[in-house]
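To start, the structure under review is shown below, and the notes come after it.
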Amino acid sequence: MSALIPFFVILPLAGAFAIPVFSGYWKNMGKVLTPILMLMLLALSVMFFFRDSAVFVYYVGGWELINGVPVGIQFVVDGLSVLMLSIINMMAFFASFFSISYLKKFTGDKYFYALFCLMVAGMNGVVITGDLFNMFIFLEIAVISSYALVAFGIEREELEASFKYQVLGGLASLLVLLGIVVLYWKTGSLNIADISRVLKQEGSSPSLLFIQILFIAGFGLKAAMIPFHAWLPDAHSSAPAPISAMLSGVLIKAVGVYAIMRLFFNMFELTYEMSMLILVIGTISMVGGVFLAIGQWDFKRLLAYHSISQMGYVFLGLGMGMVILSVNGNKAVAVMAIAGGLYHMVNHAVFKGLLFLNSGAVEYKTGTRMLKELGGLSENMPLTSTSSFGASMAISGIPPFNGFFSKLLIIIAAVQGQFYLMAALAVLVSIITLASFMKVHRYAFSGNLRFKDLKKFGEAPFSMLFSMLVLAGLCLLLSLLIIPVFRDIFLTPAVNDLMNLLNYSQPIIGV
Amino acid sequence: MTGMTNIVKTVTRIIGGVVFLFGLYIVTHGHLSPGGGFAGGTIIAGAFILLVLAYGDNIMHLRRIKEESSALENIAIFCILIMAAVGFLLGTKVFFNNFLPIGTAGQLISAGIIPLFNILIGIEVAAALFTIFLAFVIFKEEEK
Amino acid sequence: MILYFLCFVLFLVGLYGVITRRNVIKIVLGICIMEYSINLLLILIGYVHDGVAPIIVKGSAETNFVDPLPQAMVLTVIVIGLATTAMLLAIAIRVYRKHGTFDIREIKNLKG
């Protein structure tokens, strides 16, 4: 089964280079091939949930360990990787299926699909690689294709957003690279498991603190945490809707949150200061994002600010787990906090992806995304409106939708871990989120029709509806993850791999 | 785009071929000496860029060349993937498996598939750099 | 040791350029300078005193090689930097064509 691991990168990469070549002979190549490829990858990643061994290691090029020292690049698939892979490929499938209809407005769709496949290849690579420099390369593949995709409309706003995104993204990449270089200087290794072994022998030092700060700044910029958030609302609201769904739904998780989790849990030893820093940044993002969001009148911009806020929840959960682990507190509470963070990450991918697809469908039909110009869409687009309602309830944390359970886990963990302020803020932010989405529904979907020639608006085309309705169903279905039977399959292995260093490093270097 | 003066054209006529040959040398000796696909590919692309800069060309022709070099780039990458997949199918289920005989170190034909990869990467890099250059040139020409 | 610190200084020079310059092209150059400073640091890390190029030649018993891994990494970073720079410049040219200026103070439709 470990021989299947490189296909996560090879398949989308082959798609990315085959589509521009063969589109000359068959015009619909990208349209047909991309969703099929993504569906295959989704099936592959779901298959890895029911695996027989906890961690799979694949030696690229056949370069195995020499005297217990890794000499080549290794691909590692453990519980956390599988969770991320399934989110990425699921959202990629729905977004690519959605774009079949959406791209009728654009020209040059073969480049769109090629870049889309390239971005998925990069994200899958970031998640499965066990080598730091390799992670940087895949990260760059993912973000460079996303720069191009943000500018895909080549109008004034797209170009401006893409330029901002590129400058800040390039800065983030260079900070990460500098961190990797200094770490290589210090340890003489690039393998994550090997570095953790070396660092454990050396103990803490000021240079280690410098590296950690570089990584937090770099990956924090990629994940758009609040002091570093300036590019996100522009980039995510200017991109084509399926790309917004991919960027907000999975890209900031794969290249930001996943990297921070992997490096800080599995590579560095947890320190109280760094854990507290992540916790505080998460809390500030959670509160700040929602206050910035509530004043917005642009549908996609509002959603983009909510992404910052919801990623704050994820960092809050993970940060609490890290703080509790670093002071040797109650392990059960830490497990609950980390599980809550991971669970909220899965949920956020689903409902934020759905909301961006909704906004894309609305924009496709009406030509605008300003809330004040919309209105009365629920009569014309009942299914879009229903799915958007489901997603809004999920993001605001209303039972029985999935967002409720993940927020509940985080809040319970905060109360039990005696982070009372964080718990109160989490509840408050949830209420403001609800208010903000009530505004969206009041102005966009209910109320009076503000278009004179409404007859020509109908429901969105089939490929859009299919993606939106299935994702809305998933918003309900994912609340099942709270039940222990399902949690043990999907969430618990990921939490275990984060909590126990040995789970990750044992199969790779044997120590 | 218009070309440059006669002096530049004459010098380019003499140098262009030499630069191209030097690029080929770097690519094919990548497994024996410093250099390889990327370094040689940039030199080859430099030879072509020199020719376009010195002699100039009309925009329709440049567009067609750009399409061709872009296709060449994609095909080269695709061949790399196919070769990697052949390595996967022959033997130990590992991508980029070196399935050809290694030979003796120091010979030009040795090291299994590494020279082949070097040549493909050389084509890929040369085509990619030339495509980027042509894209900028065409962009500037359209503005006029 | 002073050389290593100069690399960091070069990094900060690039960062200063990115932050303070108003011209789009100069921002791109700032990012390039940062990238080259990291490349320089990588090469310096791999240097071994009196080391030779890490190529095995038949008949020579030389073992004091410089570290080849940073050199491979620098090549990769250069390739990635090429892609980033080309992408940035392409966007910068298009921005110039749409807005008619390279000054970022005048390119600010998006805010809020």
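Any chance you could count how many residues in region A:34-65 are among the aromatic types (Phe, Trp, Tyr) and in a helix (DSSP H, G or I)? Before you say what the answer is, go through the steps one by one.
From region A:34-65, those among the aromatic types (Phe, Trp, Tyr) are A:48-50, A:56, A:58-59, A:63; that's our starting set.
With the extra rule that they be in a helix (DSSP H, G or I), the set shrinks to A:48-50.
Total meeting the criteria: 3.
Out of region B:54-112, which residues are of a type in the set (S, T, N, Q) and either within 10 Å of chain A (Cβ to nearest Cβ) or within 17 Å of the chain's Cα centre (by Cα) (or both)?
Quick first cut of region B:54-112, residues of a type in the set (S, T, N, Q) only: B:58, B:69-70, B:74, B:92, B:97-98, B:104, B:107, B:110.
Of everything in region B:54-112, those that are of a type in the set (S, T, N, Q) and either within 10 Å of chain A (Cβ to nearest Cβ) or within 17 Å of the chain's Cα centre (by Cα) (or both) turn out to be B:69, B:70, B:74, B:92, B:97, B:98.
When the residues of region A:324-336 are filtered to those that are surrounded by fewer than 22 Cβ atoms within 10 Å (Cβ to Cβ) and in contact with a Gly (Cβ under 8 Å, 6 or more places away or on another chain), which remaining residue is nearest to residue A:415 (Cα to Cα)?
Result: A:333.
I'd like the residue in region A:157-191 that is more than 8 Å from chain C (Cβ to nearest Cβ) and outside any helix (DSSP H, G or I) and, out of all such residues, is surrounded by the fewest Cβ atoms within 10 Å (Cβ to Cβ).
Residue satisfying both the conditions and the ranking: A:188.
Across region C:57-73, what is the total count of residues that are within 11 Å of chain B (Cβ to nearest Cβ) and not basic (Lys, Arg)?
Our first condition is that a residue be within 11 Å of chain B (Cβ to nearest Cβ); within region C:57-73, this holds for C:57-59, C:68, C:71-72.
Of the ones still in play, those that are also not basic (Lys, Arg) are C:57, C:59, C:68, C:71-72.
Residues that pass the stated criteria total 5.
Going by the conditions given, is residue A:76 part of a strand (DSSP E or B) and either among the acidic types (Asp, Glu) or farther than 19 Å from residue A:98 by Cα (or both)? Lay out the reasoning, then the answer.
Values: part of a strand (DSSP E or B): yes; either among the acidic types (Asp, Glu) or farther than 19 Å from residue A:98 by Cα (or both): yes.
It is true that residue A:76 is part of a strand (DSSP E or B) and either among the acidic types (Asp, Glu) or farther than 19 Å from residue A:98 by Cα (or both).
Is it true that residue B:38 is crowded, with 20+ Cβ neighbours inside 10 Å, among the aromatic types (Phe, Trp, Tyr) and away from chain C (no Cβ under 14 Å)? Walk me through how you get there before you give the answer.
Numbers: crowded, with 20+ Cβ neighbours inside 10 Å: yes; among the aromatic types (Phe, Trp, Tyr): yes; away from chain C (no Cβ under 14 Å): no.
So residue B:38 does not fit the description; no.
Looking at region A:101-132 only, could you name the residues that are closer than 23 Å to residue A:462 by Cβ, modelled with pLDDT under 90 and in a helix (DSSP H, G or I)?
Passing the criteria: A:101, A:102, A:103, A:104, A:105, A:109, A:110.
State yes or no: is residue C:54 assigned to a loop (DSSP other than H, G, I, E, B) and either free of Cβ contacts under 8 Å to residues at least 40 places away in the same chain or within 10 Å of chain A (Cβ to nearest Cβ) (or both)? Don't jump to the end; show me each part of the working.
Working: assigned to a loop (DSSP other than H, G, I, E, B): yes; either free of Cβ contacts under 8 Å to residues at least 40 places away in the same chain or within 10 Å of chain A (Cβ to nearest Cβ) (or both): yes.
For residue C:54, the condition - assigned to a loop (DSSP other than H, G, I, E, B) and either free of Cβ contacts under 8 Å to residues at least 40 places away in the same chain or within 10 Å of chain A (Cβ to nearest Cβ) (or both) - is met.
Please state which one of C:15, C:29 is closer than 14 Å to residue A:170 by Cβ and under 10 Å from the mean Cα position of the chain (by Cα). Reasoning before the result, please.
Working: C:15 fails: under 10 Å from the mean Cα position of the chain (by Cα).
Only one candidate passes the filter, namely C:29.
Considering only region C:81-102, I want to know if a residue exists there that is touching a strand residue (DSSP E or B) at 6+ places or on another chain (Cβ under 6 Å) and within 12 Å of chain A (Cβ to nearest Cβ).
Here is the first cut: in region C:81-102, the ones touching a strand residue (DSSP E or B) at 6+ places or on another chain (Cβ under 6 Å) are C:102.
When the remaining residues are screened for being within 12 Å of chain A (Cβ to nearest Cβ), the result is C:102.
Checking region C:81-102: at least one residue is touching a strand residue (DSSP E or B) at 6+ places or on another chain (Cβ under 6 Å) and within 12 Å of chain A (Cβ to nearest Cβ).
Which one of these does residue B:121 not meet: (1) within 26 Å of residue A:2 (Cα to Cα); (2) touching a residue at least 12 places away in the same chain (Cβ under 8 Å); (3) more than 9 Å from every other protein chain (Cβ to nearest Cβ); (4) of a type in the set (A, V, I, L, M)?
The single condition residue B:121 does not satisfy is (1).
One line per residue, one yes/no per condition, for (1) at the interface with another protein chain (Cβ under 9 Å from one of its Cβ atoms); (2) surrounded by 14 or more Cβ atoms within 10 Å (Cβ to Cβ); (3) assigned to a helix (DSSP H, G or I):
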| residue | (1), (2), (3) |
| --- | --- |
| C:3 | no, no, yes |
| C:11 | yes, yes, yes |
| C:16 | no, no, yes |
| C:26 | no, yes, yes |
| C:29 | no, yes, yes |
| C:32 | no, yes, yes |
| C:42 | yes, yes, yes |
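The values are calculated or read from the model by the stated rules, or taken from the named source; none is laboratory data. In this text the structure is predicted, and so the values were computed from the model without any measurement. A quick note on method: Cβ atoms are made from the backbone with ideal geometry, for glycine too, and the neighbour counts reach across all protein chains shown.
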